[in-house]
Amino acid sequence: MQNMGEQGHTALLGHSLAAFISVMDTVRLRKLTTRILSDSTLWLCRLFRYENGSAYFHEDDRDGLVKVCRLVINARYEEYASEGYAVLSHKQPVIYQSASGRPGLGQHLCSQLGLPLSSLCTVPCNTVFGSQHQMDVAMLDKLIKEDIESGKLPLLLIANAGTPWAGHVDKLGRLKDLCDQYSMWLHVEGVNLATLALGQVSSAATAANKSDSMTLTPGPWLGLPAIPAVTLYRQEDPALSLAAGLTSSHPVLKLRALPLWLSLQHLGHNGIIQKIRHATELSQLLLQKLKTLAFIKILTEDEINSPVVLFKFCPETNPSSEEGYSIVEKELLDSFNRWLGEQLQQQVPISGVNVVELRDEGTCICISPLQTAAVLGTQQEDIETLVEKLTELVPLISSTISLRLDFKREIQQHSAMLTFKEELSWPGLGCVRYEPQAEGVDEIKREQDLKKINTELLKKLQELDTDIIFSTGPDTGEEVDCVFVGMVTEDVNVPELVDIIAAFGKDIEDSGRLLENMTEVVRKGILEAELQLQKANEEKLMEEGMIRQLPLVGSVLNWFSPVQSSIKGRTFNLAAGSLDSTEITYSTKIQAVRSSPQDTTISPSEKLPGQRLFRRSGASSKSSNETSALDEAEEEANDDGTGQTTNQPVSPSLPAPEEDSNAAGDNALEKTSELPVELQSQEEAEILEEEAA
């Protein structure tokens, strides 16, 4: 919820009072609503220096402009009240708006007025001389003359006193002269109209007082909830205002001004001025702070008087020329600015940061304290916190962009296993994909292996203890075909990072291939075991005969004449993939273990104690010293005092003999303890056979 305060509760109280007053008797209701409307109109006209004006209060901030257009149509087409839209067919009305104006405003006007879209004319902004965001006055004059020559009627011009999310102000003085020349109506809207209430107002905004109408939004400016917008206009004929819907004879409709009437009295003149001045001071403070930061391009044209701050991250090139985007593609730069704006929104939400898309500048970061400060309760400390976060995030973006090319080159060196995927919409180091090395595989199987390996690779990288973020990218899913690497600092060791990604992918692929091979080996082993068991049963039947297989006779015969079975057990070695006999195990009482070649492999994720992941040699020197010291300590602990270490493998313990062994047997055991493990196993088997004999 927004920062309410006492003025917010007063505004909400106005809505309850309006509902209560609406049930009064007609005479008292008419007197009261007329007083409320006249007082509110007088206060707003004096506050924003708009002389001899009338006010229309409306919920939708576009509704006032719709009513003004109807007023102008009734004034310019005298027979419109009697003949209606048929009059417009003789001379089609034309409404002019700036190319940098509010999106969708012209279409909304045509829809509400019943006019075709051909009645809407978009005037381009300056491209050669002057500001790139101001309406081109010379082009407007040319368009008006062409429309007059084609039999159309120039009706109304919509000018900006602070474009949406940019704060650019049109040349209102020259536009007013042009409108007077062609008898057009000039309507002005924008956030800069709030500065009319201050003592020192820029000349560009002062010219808005001469306009025929302007729309104000005091709710966001003053932090008042559910406050209607206000359109101030000048019209001497009350009949035309009534026909356009700007005035009403119904007393209840006039109660829309009651919440604003109460709020203005609660704040007072000084309170209103203080809120607007506080917002402009925040804008100036932020502008001064941004000028001290590197890689920040300020896009606000009127830095002295504009209450809107517009900036973006720009790489270390000449930002005033088009070559400034030669190092980093424009789309990639937009993605980094979008990420920067989102991070500021999350970390400093009270600052009122917005990410905007401009036609010429691309993705930018906009802060308009006049629109958000009163609602969110933004203070100077919040602006300073915002600048501190910018100081932390901007070097991170700069280092990521500088290392992005190195990351691509390192991946190209591992082109046999890794592929760099160009994703300009991803704000990070880049996107990498591990390519399976299997040959002779169909396309469907290869695609499945690719997704499976990269999904496991992503999980394994996310388990690492590092500051780098690995993710699935913008479009997340259960399986991914590549790994997105996030922001990195300048001390990241890119070759080590790429080597570990390649080693992890190779390890995952080999493990999957080993599992598939093991499955086939187990299947073949089971079939071989079944055949050997069937053969052993046949041999048993041949040795014992059919009589011993009978249930009762066989038991009696076995009791009188026991049979020594010659059937031997079987054991399946998964590591070797072979089916072996258990005769050696029962004779030596030791289970034979074959060494697997996989036991000697070293995982690429193993790091020395204290060594950080993906850091350059300067960061890992300390960890290597700690590792060498740790190795020396282990050698000293293993030393037996005679200069020889005792880290030889210990032989397994022998079973205790039933009889006392002689001295020769003891000497033999002492000698066997000095032999390797493989020879010890053979010696133990011979000793056990001698004892059994």
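The values are calculated or read from the model by the stated rules, or taken from the named source; none is laboratory data. Quick caveat, the model's predicted, so the values are computed rather than measured. Positions of Cβ are generated from backbone atoms using ideal geometry, with glycine treated the same way; all protein chains shown enter the neighbour counts. SASA here: full protein model, heavy atoms, side chains in, ligands and nucleic acids out. Shrake-Rupley method; radii C 1.70, N 1.55, O 1.52, S 1.80 Å.
For the reader, a short list of remarks on this structure follows.
- Set side by side, the residues SER335, SER351 differ, and just one is under 17 Å from the mean Cα position of the chain (by Cα) and within 17 Å of LYS312 (Cβ to Cβ), which is SER335.
- Residue selected from segment 69-85 under the condition charged (D, E, K, R) and part of a loop (DSSP other than H, G, I, E, B), by the criterion least open to solvent (accessible area, probe 1.4 Å): GLU79
- Test result for THR206, open to solvent by 10 Å² or more (accessible area, probe 1.4 Å), closer than 30 Å to GLN265 by Cβ, of a type outside the set (Asp, Glu) and at pLDDT below 90: yes
- Segment 29-68, residues that are open to solvent by 10 Å² or more (accessible area, probe 1.4 Å) and β-branched (Val, Ile, Thr): THR34, THR41
Conditions (1) under 44 Å from the mean Cα position of the chain (by Cα); (2) more than 30 Å from GLN181 (Cβ to Cβ); (3) modelled with pLDDT of 90 or more, marked per residue:
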site	(1), (2), (3)
LYS210	no, no, yes
PRO218	yes, yes, yes
TRP221	yes, yes, yes
PRO228	yes, yes, yes
SER249	no, yes, no
LEU258	yes, yes, yes
HIS266	yes, yes, yes
GLY271	yes, yes, yes
ARG277	yes, yes, yes
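- Each residue in segment 281-304 was checked for being surrounded by fewer than 20 Cβ atoms within 10 Å (Cβ to Cβ) and within 19 Å of VAL169 (Cβ to Cβ), and 7 of them qualify.
- Only residues that are out of contact with any Gly (no Cβ under 7 Å at 6 or more places or on another chain) and farther than 25 Å from VAL356 by Cβ were counted across segment 89-109, and they come to 5.
- Scope segment 27-67; condition hydroxyl-bearing (Ser, Thr, Tyr) and closer than 30 Å to LEU120 by Cα; matching residues: TYR50, SER54, TYR56
- Test result for GLY162, of a type outside the set (A, V, I, L, M), within 23 Å of VAL356 (Cα to Cα) and in contact (Cβ under 8 Å) with a residue 12 or more places away in the chain: yes
- Neighbours by Cβ (under 8 Å, 6+ apart or cross-chain): first from segment 408-419, closer than 9 Å to TYR434 by Cβ and open to solvent by 40 Å² or more (accessible area, probe 1.4 Å); second part of a helix (DSSP H, G or I) and at pLDDT 85 or above: MET417/ALA502; MET417/GLY505; MET417/LYS506; THR419/ILE411
- Against the test of being under 23 Å from the mean Cα position of the chain (by Cα) and not in a helix (DSSP H, G or I), the options LEU464, LEU386, LEU390, LEU403 yield a single qualifying residue, LEU464.
- Segment 1-28, residues that are surrounded by 14 or more Cβ atoms within 10 Å (Cβ to Cβ), closer than 20 Å to SER263 by Cα and hydrophobic (A, V, I, L, M, F, W, C): MET4, ALA11, LEU12, LEU13, LEU17, ALA18, ILE21
- Odd one out for GLU520, checked against (1) at pLDDT below 70; (2) assigned to a helix (DSSP H, G or I); (3) open to solvent by 100 Å² or more (accessible area, probe 1.4 Å): (3)
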